[in-house]
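**Q** Here it is, the structure, as structure tokens.
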Amino acid sequence: MTRRKKAPLRSLSDEEQTQLKKLRRSQSQSSASVMRAKAILAVAEGSDYTSAARQVGLRCGDTVSKWVNRFNIEGLASLQHRHGGGAVVQYSEREKQRILDEFHRQPERHKLMCL
């Protein structure tokens with residue numbers, strides 16, 4: 001017997017349904033976004049969280065439950081990948097300029113030939 005869903009999937013608008021179906025078939029988007037779209041559509045079509053998870057290659061429906069809850073709040077924006085943790089790389093203006101200068105510098109080919 002399955003548990004009662006704490007936050008069932010809200011009804012999808014026509015535009016959301018169209019975008020989810022388009023994303024489900026996409027080969028150029030990230031695989032994580034495609035997985036989320038497939039799971040959301042499976043739940044919208046009547047699957048429970050566990051079977052939706054199995055359809056996208058997951059073992060447990062808890063992840064799909066989190067995706068559905070996030071989709072209910074954020075809509076289509078919830079399908080995009082977010083920062084996964086760790087320190088955010090921050091460069092000062094001086095360091096950024098040094099990187100750009102190095103990128104635009106012409107290689108010194110005569111030094112490369114003399115090994």
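The numbers here are math on the coordinates, done by the rules we state, and not lab data. On a predicted model such as this, the values are computed, not experimentally measured, just so you know. A quick note on method: Cβ atoms are made from the backbone with ideal geometry, for glycine too, and the neighbour counts reach across all protein chains shown.
**Q** Loop-only check: which chymotrypsin sites (Phe, Trp or Tyr not before Pro) in region 10-115 are DSSP coil with at most 11 other Cβ within 10 angstrom? Intermediate results must be reported in sequence, preceding the final value.
**A** Details: sites: Tyr49, Trp67, Phe71, Tyr91, Phe103; in loops: Tyr91.
Qualifying residues, ordered by number: Tyr91.
**Q** Longest span of the chain, sites excluded, free of trypsin sites (Lys or Arg not before Pro) in DSSP loop with at most 13 other C-beta atoms within 10 Å? Let's see the in-between values first.
**A** Values: sites that count: Arg3, Arg4, Lys6, Arg10, Arg59, Arg82, Arg105.
Within the chain, the longest run free of exposed trypsin sites (Lys or Arg not before Pro) spans 11-58.
**Q** Additional query: For region 14-79, what does the convex hull of the Cα positions come to per residue, in cubic angstrom?
**A** 75 Å³
**Q** Counting pairs on different chains as well as pairs 8 or more places apart, how many Lys pairs in region 1-110 have Cα atoms under 12 Å apart? Walk me through the numbers on the way to the answer.
**A** Numbers: Lys5/Lys66; Lys6/Lys66; Lys21/Lys38; Lys22/Lys38.
Qualifying lysine pairs in region 1-110: 4.
**Q** Summing -39500 (n - 2.57) over the DSSP H runs of n ≥ 4 in the chain and dividing by its residue number, what mean residue ellipticity at 222 nm do you reach, to the nearest 500 deg cm²/dmol? Please list the in-between numbers first.
**A** Numbers: 6 runs with 63 residues, N = 115.
Calculated mean residue ellipticity at 222 nm is -16500 deg cm²/dmol.
**Q** Within the set of other residues whose C-beta is less than 11 Å from the C-beta of Ile40, count the net charge using Lys and Arg as +1 and Asp and Glu as -1.
**A** Values: positive: Arg10, Lys21, Arg24, Arg36, Lys38, Arg70; negative: Glu16, Glu45.
Every neighbour counted, the sum reads +4.
**Q** Counting GluC sites (Glu not before Pro) as exposed when in a DSSP loop with at most 14 other beta carbons within 10 Å, what is the longest stretch of the chain free of them?
**A** On the way: sites that count: Glu45, Glu108.
By the stated rule (loop sites, at most 14 other Cβ atoms within 10 Å), 46-107.
**Q** Name the residue farthest towards the positive end of the dipole of region 14-79 from the options Val43, Ala53, Ser78, assuming +1 on Cβ of Lys and Arg, -1 on Cβ of Asp and Glu, about the Cα centre.
**A** The listed residue farthest towards the positive side: Ala53.
**Q** By counting other Cβ atoms within 10 Å of each Cβ, how are Asp48, Asp101 ranked from fewest to most? If you can, show how the numbers build up before the last one.
**A** Numbers: Asp48 15, Asp101 9.
Listing Asp48, Asp101 from fewest to most nearby Cβ atoms yields Asp101, Asp48.
**Q** Have a look at the chain and give its Rg and Dmax from the Cα atoms, expressed in angstrom.
**A** 22.2, 74
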